[in-house]
Amino acid sequence: MSFKVGIGMLKVATRLTVVSALAVSFCLTDEILPTAMAQEARDKEIVVAQSGLLRGFNPFSPLQRLFNNKERRRGQPPPQQLQKRRAPARAAGVPPKYEAVEKDANAGVILVVGDRMARGVADGLDFILSEKPQIRVERVTEDKSGFAGEGSPDWVAKTLAKIRGEDVKAVVVMIGRGDLGKEFPGETPVEFMTQEWLDAYRGKVEGLVRVVRQEKKPIVWAGLPPTNTESVNADFTQLNSIFQSQTEDRRVRYVDIWDIFLAEDGSYSSFGPDVDGKNTRLRTKDRIGFTWPGYQKVAFFVDRELLRLLGGYGGLAFEGIEDDPNFIVLTGRTTSPEALLLGGEDDEDETDRDSTAYRFFVKGEPLSPMPGRVDDPRIAVEGTSALEGTAPSGS
């Protein structure tokens, strides 16, 4: 009996000795074998065939932890932390990267004037005109400035300098957000949104429009958008009414963007259809500014008015001719409706729609035949009957 117990203890001791020897050999192997083999040992889990009570026990797990700890000490993260880094997201309102054709050396200029919103519209126009070498976009913008406030820019001087230094074809203006809450400076500051403040603001707007029109350049003025704050909406509405009042000059176009940034029920929404019709976020988190799709949308409507004013970017050589009373446009440009051919600068509503000229030139109705005139159909009938049966001479 004692002999059998001794044999059993000897077998257990032998097994422990084998396991210890394997452990020592693996420890030595970690120091001797190349790093690649250690990496392979780390990546591949060692599976030992087991059964019964030992199922789930891995005698080599200490060695695997040893490999992993050594790799971490070398500055390498464990495999589960090796993830592809995401590219940083673009800030709201920042355009994506895109390819643009090289502009012609004598390319015409669309000059964009105003605050941060104007800069976003300029980016949108850049994107729209990226494939047109004959036209480019220039900027006169200051993100947080408007007409009011201490140290506001001299927009008239800046714009005039650009017009006289570049081949400017049209001026685009979007401004007003930076004027919220700002007084007009002076010995007695003019408080925001008082009647005196509104009069001073109107004078600033009229001054800019007057200088641009004296240079015979058309203007597209983009209005301010709705927000989710009633007080800001009231202020923006007041400013928009001032901007819109300048459209008495037919070469000044006001782009009303208020309704296109509202939900179907007329309420504010930060989301809406983009230029491709896809529903997306158009407004920034402050519910005043625009995201990139929002600026694209404003630029789309601005561009539409520019095309109406300029008759297409391919016909920029004709810009300014509407200001010349001795030049008559017969090219079908969208800026010369047929009714203008009848009365020059007269309003179309004052045109006599029952006059022969209006019915002929605008509505396209034929003139009544007059006896003896070449368009009298009776001449053709009589001439035909008279010639019937008569052979031409020399036949």
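Inside the range 167-213, can you point out the residues that are surrounded by fewer than 18 Cβ atoms within 10 Å (Cβ to Cβ) and in contact with a Leu (Cβ under 7 Å, 6 or more places away or on another chain)?
Residue satisfying the conditions is 211 alone.
Which pairs have Cβ atoms under 7 Å, sit 6 or more apart or on different chains, and link a residue in the range 216-235 that is without any contact (Cβ under 8 Å) to a residue 12 or more places away in the chain to one that is of a type in the set (Val, Ile, Thr) and assigned to a loop (DSSP other than H, G, I, E, B)?
Sorted first by the residue in the range 216-235, then by its partner, the pairs are 233/227.
Given the residues 212, 232, which is the only one that is β-branched (Val, Ile, Thr), out of contact with any strand residue (DSSP E or B) (no Cβ under 6 Å at 6 or more places or on another chain) and in a helix (DSSP H, G or I)?
Result of the check over 212, 232: 232.
Can you pull out the residues in the range 166-188 that are at pLDDT 95 or above and of a type in the set (Gly, Ala, Ser)?
170, 176, 178, 181
Quickly run through the range 140-152 and pick out the residues that are over 14 Å from residue 182 (Cα atoms) and surrounded by fewer than 19 Cβ atoms within 10 Å (Cβ to Cβ). Working first, answer last.
Going through the range 140-152, the residues over 14 Å from residue 182 (Cα atoms) turn out to be 140-143.
Once the filter is applied, which keeps residues that are over 14 Å from residue 182 (Cα atoms) and surrounded by fewer than 19 Cβ atoms within 10 Å (Cβ to Cβ), the range 140-152 yields only 143.
Yes or no: the range 260-282 includes at least one residue that is part of a helix (DSSP H, G or I) and more than 15 Å from residue 120 (Cα to Cα).
Yes, the range 260-282 has at least one match.
Only one of (1) assigned to a loop (DSSP other than H, G, I, E, B); (2) surrounded by 16 or more Cβ atoms within 10 Å (Cβ to Cβ) fails for residue 287. Which number is that?
So residue 287 meets the others, but not (2).
Out of all the residues in the range 135-150, is one or more touching a helix residue (DSSP H, G or I) at 6+ places or on another chain (Cβ under 8 Å) and part of a helix (DSSP H, G or I)?
Scanning the range 135-150 turns up no residue that is touching a helix residue (DSSP H, G or I) at 6+ places or on another chain (Cβ under 8 Å) and part of a helix (DSSP H, G or I).
What do you reckon, is residue 227 polar (S, T, N, Q), buried (at least 16 other Cβ atoms within 10 Å of the Cβ) and over 15 Å from residue 246 (Cβ atoms)? Please lay out each step first, then the result.
Working: polar (S, T, N, Q): yes; buried (at least 16 other Cβ atoms within 10 Å of the Cβ): yes; over 15 Å from residue 246 (Cβ atoms): yes.
Against the criterion (polar (S, T, N, Q), buried (at least 16 other Cβ atoms within 10 Å of the Cβ) and over 15 Å from residue 246 (Cβ atoms)), residue 227 qualifies.
Can you tell me how many residues within the range 181-209 are part of a helix (DSSP H, G or I), within 17 Å of residue 241 (Cβ to Cβ) and within 34 Å of the chain's Cα centre (by Cα)? Full working, then the answer.
Applying the first criterion (part of a helix (DSSP H, G or I)) to the range 181-209 yields 195-209.
The next check asks that each one be within 17 Å of residue 241 (Cβ to Cβ); those that pass are 195-206, 208-209.
With within 34 Å of the chain's Cα centre (by Cα) added as a condition, the list becomes 197-206, 208-209.
Going through the range 181-209 one residue at a time, the tally reaches 12.
The values are calculated or read from the model by the stated rules, or taken from the named source; none is laboratory data. Source: prediction; values computed, not measured. Cβ sites come from the backbone with ideal geometry, for glycine too, and all protein chains shown count toward neighbours.
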